[in-house]
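A.B. asks: Just dropping this structure here.
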Amino acid sequence: MTYTTKEARELLGKLPKTALGFFPTPLYKLDKLSAELGIELYIKRDDFTGSNLFGGNKTRKLEYLIGKAKAEGCDHIFTYGAVQSNHAMQTVWAAAKNGIKPVIYLAAIVPIDENDIKANLLLDRIYDAEIHIVEPLEGESFMDTEERSFKMGEEHIKRLEAEGHKCMNIPVGGADETGSLGYIGGITELYEQADALGVEFDYLYHATGSGGTMAGMMAGRNLLGRNTVIRSISAMEIGRSYAKHAASLSNGALALMGIGSPDDPLVKAEDFAPDDNYYAPGYEIPNEATTKAIKLLAKTEGILVDPVYSGKAFSALLDHVKTGKIEQGSKVVFVHTGGATVFFAEKEILGDVF
Ligand SMILES: *Cc1c(COP(=O)(O)O)cnc(C)c1O
């Protein structure tokens, strides 16, 4: 059984939610680049979710996460990420604005200069977050450092709860069942706009990290019975259980809406096509194809994609046009997930764009 966009909205409307952004975000055609590439290329501007200066995809997830935190009476919100995490910054801003104390544990990838605090970390400070920087130990990988930061956060929560506080623990990227509702709403909005324009997209491209955005979009696509091929371009190496985990998030989010059952899941791991061929040499490490993609989009359409996520996804889209993985004449939508603050971050992350 499939649902209409209106029915999907009604089901989502029954869940706790706090308005944070400006919706709908714009969806429009990129005429110059479409002509240059020989496809019909549209962009969904989720870099414009608002409502601070820097939007991005985490705002949609946080509407449900903060909504839940408020419904449960939480006075602290914990989350995690790299030092320049967009997710951590957006969580900090969203919590602060709702009178909830944000506490973040950030794993250091690039060294931090105390005399020159930049980008998301700077904003985290302006919003008065409680910030814990977790430096890597000798021989520790980034994943190990992050794992350790989760444990530190959990212990911190135990201490606060023993004092009578109520805390919400949000995973990296806001990627849990509640957060994934955000992109069931996001793709529903996209299809409403596409229907009004009379376009059916063959392909949807977006950057993936924690997998919450991808999980929500696939849940929404299947719920609405659409056929768009969703290509999720990873900003980091993908583990073997990546698609399986995403499917469990999709089905978990749908279950919160009262849809599906464990015996008959609406989303299967095979539905996903995560692609980690474009992130090299590493997470938060730039590459030449991405730099070129950033410059091309900036020069032709005036739009900025970032070197960590959206730029890498856009470089994949360009490569797929070149190799025929996107056929000429296809209708393609690129979901711009944000990341603008990277332009003001450390040179190691920004790369050679200037
Ligand atoms: C977090 C993020 C992503 C990835 O989204 P996930 O839901 O974590 O997979 C993509 N682009 C930008 C700019 C992000 O900040």
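The values are calculated or read from the model by the stated rules, or taken from the named source; none is laboratory data. Note that the structure is a prediction, hence the values are computed from the model and not measured. We place every Cβ from the backbone using ideal geometry, glycine too, and count neighbours over all the protein chains shown. Protein only, heavy atoms only, side chains kept; ligands, DNA and RNA dropped before computing areas. Shrake-Rupley method; radii C 1.70, N 1.55, O 1.52, S 1.80 Å.
A.B. asks: If I filter the range 263-278 down to residues being within 18 Å of Ser241 (Cβ to Cβ) and in a loop (DSSP other than H, G, I, E, B), which single residue comes out as least open to solvent (accessible area, probe 1.4 Å)?
C.D. replies: Let us first name the residues in the range 263-278 that are within 18 Å of Ser241 (Cβ to Cβ), namely 265, 267-276.
Of the ones still in play, those that are also in a loop (DSSP other than H, G, I, E, B) are 265, 267-268, 272-273, 276.
On the way: Pro265: 44, Val267: 3, Lys268: 97, Phe272: 19, Ala273: 45, Asp276: 51 Å².
Residue satisfying both the conditions and the ranking: Val267.
A.B. asks: Mind checking which residues of the range 119-149 are closer than 12 Å to Gln84 by Cβ and surrounded by fewer than 18 Cβ atoms within 10 Å (Cβ to Cβ)? Before the answer, list the steps.
C.D. replies: Filtering the range 119-149 down to residues closer than 12 Å to Gln84 by Cβ leaves 119-124, 133.
Within the range 119-149, Leu122, Ile133 qualify.
A.B. asks: Hey, among the residues in the range 43-63 that are assigned to a helix (DSSP H, G or I) and within 13 Å of the ligand (Cβ to nearest atom), which one's most open to solvent (accessible area, probe 1.4 Å)?
C.D. replies: That would be Phe48.
A.B. asks: Does Ala247 qualify as being surrounded by 17 or more Cβ atoms within 10 Å (Cβ to Cβ) and within 19 Å of Tyr205 (Cα to Cα)?
C.D. replies: Numbers: surrounded by 17 or more Cβ atoms within 10 Å (Cβ to Cβ): yes; within 19 Å of Tyr205 (Cα to Cα): yes.
Yes, satisfied.
A.B. asks: Quick check on my filter: what residues within the range 29-42 are open to solvent by less than 20 Å² (accessible area, probe 1.4 Å) and among the hydroxyl-bearing types (Ser, Thr, Tyr)? Explain how you work it out, then say what you get.
C.D. replies: Within the range 29-42, the first condition is being open to solvent by less than 20 Å² (accessible area, probe 1.4 Å), and the residues that meet it are 30, 33-34, 39, 41.
Once the filter is applied, which keeps residues that are open to solvent by less than 20 Å² (accessible area, probe 1.4 Å) and among the hydroxyl-bearing types (Ser, Thr, Tyr), the range 29-42 yields only Ser34.
A.B. asks: Another one. Just to check your reading of the model, which residue among Glu140, Glu135, Glu200, Glu146 is within 30 Å of Thr2 (Cα to Cα) and of a type in the set (D, E, K, R)? First the steps, then the outcome.
C.D. replies: Working: Glu140 fails: within 30 Å of Thr2 (Cα to Cα); Glu135 fails: within 30 Å of Thr2 (Cα to Cα); Glu146 fails: within 30 Å of Thr2 (Cα to Cα).
Testing whether each residue is within 30 Å of Thr2 (Cα to Cα) and of a type in the set (D, E, K, R) leaves just Glu200.
A.B. asks: For the range 130-155, which positions are within 29 Å of Gly55 (Cβ to Cβ) and in contact (Cβ under 8 Å) with a residue 40 or more places away in the chain?
C.D. replies: Within the range 130-155, the first condition is being within 29 Å of Gly55 (Cβ to Cβ), and the residues that meet it are 130-134, 142-143, 145-146, 149-150, 153.
Scanning the range 130-155 gives Ile133, Phe142, Glu146, Ser149, Phe150, Gly153.
A.B. asks: Looking at Ser261, is it more than 29 Å from Ile112 (Cβ to Cβ) and modelled with pLDDT of 95 or more? Walk me through it before giving the result.
C.D. replies: Numbers: more than 29 Å from Ile112 (Cβ to Cβ): yes; modelled with pLDDT of 95 or more: no.
No.
A.B. asks: Turning to a different aspect of this structure: For the range 96-133, which residues satisfy the criterion of being outside any helix (DSSP H, G or I) and charged (D, E, K, R)? So that I can check it myself, show each step before the final result.
C.D. replies: Quick first cut of the range 96-133, residues outside any helix (DSSP H, G or I) only: 98-118, 127-133.
Listed by number, the residues that qualify are Lys101, Asp113, Glu114, Asp116, Lys118, Asp128, Glu130.
A.B. asks: Moving to a separate point now. Among the helices (runs of 4 or more DSSP H) lying completely within the range 134-246, list those that include at least 2 residues that are within 16 Å of the ligand (Cβ to nearest atom), of a type in the set (Ser, Thr, Tyr) and closer than 30 Å to Leu12 by Cα.
C.D. replies: The qualifying helices (runs of 4 or more DSSP H) are 177-197.
A.B. asks: Continuing with the same structure: Got at least one residue in the range 65-81 being touching a residue at least 40 places away in the same chain (Cβ under 8 Å), aliphatic (A, V, I, L, M) and more than 30 Å from Lys14 (Cα to Cα)?
C.D. replies: Going through the range 65-81, the residues touching a residue at least 40 places away in the same chain (Cβ under 8 Å) turn out to be 65-81.
Within this subset, residues satisfying the condition of being aliphatic (A, V, I, L, M) are 65-66, 69, 71, 77.
Retained after the next criterion (residues that are more than 30 Å from Lys14 (Cα to Cα)): none.
No, because not a single residue in the range 65-81 is touching a residue at least 40 places away in the same chain (Cβ under 8 Å), aliphatic (A, V, I, L, M) and more than 30 Å from Lys14 (Cα to Cα).
A.B. asks: List the pairs whose first member sits in the range 86-100 and is within 16 Å of the ligand (Cβ to nearest atom), whose second member is modelled with pLDDT under 95, and whose Cβ atoms are under 6 Å apart, counting only residues at least 6 apart or on separate chains?
C.D. replies: Correct list of pairs: Trp93/Asn52.
A.B. asks: Could you grab me the full set of residues in the range 81-107 that are at negative phi and surrounded by fewer than 17 Cβ atoms within 10 Å (Cβ to Cβ)? Give the steps one after another, and end with the answer.
C.D. replies: From the range 81-107, those at negative phi are 82-98, 100-107; that's our starting set.
Once the filter is applied, which keeps residues that are at negative phi and surrounded by fewer than 17 Cβ atoms within 10 Å (Cβ to Cβ), the range 81-107 yields only Lys97.
A.B. asks: Cβ-Cβ below 6 Å, separation at least six or inter-chain, first residue in the range 225-247 and of a type in the set (A, V, I, L, M, F, W, C), second away from the ligand (no atom under 14 Å from the Cβ) and assigned to a loop (DSSP other than H, G, I, E, B): which pairs?
C.D. replies: Ala247/Val267; Ala247/Lys268
A.B. asks: If you don't mind, another one. Can you name the residue in the range 280-293 that is open to solvent by 10 Å² or more (accessible area, probe 1.4 Å) and either in contact with a helix residue (DSSP H, G or I) (Cβ under 6 Å, 6 or more places away or on another chain) or closer than 14 Å to Leu30 by Cα (or both) and, of all such residues, is farthest from the ligand (Cβ to nearest atom)?
C.D. replies: Ala289
A.B. asks: Right, another one. Which residue is nearest to the chain's Cα centre (by Cα), if the candidates are limited to the range 305-343 and must be of a type outside the set (Asp, Glu), part of a loop (DSSP other than H, G, I, E, B) and near the ligand (Cβ under 9 Å from one of its atoms)?
C.D. replies: From the range 305-343, those of a type outside the set (Asp, Glu) are 305, 307-318, 320-326, 328-343; that's our starting set.
Subsequent filtering for residues that are part of a loop (DSSP other than H, G, I, E, B) retains 305, 307-309, 324-326, 328-330, 337-339.
Add one more test, that the residue is near the ligand (Cβ under 9 Å from one of its atoms), and what stays is 305, 308-309, 337-339.
Numbers: Val305: 14, Val308: 12, Tyr309: 9, Thr337: 6, Gly338: 8, Gly339: 9 Å.
Here the answer is Thr337.
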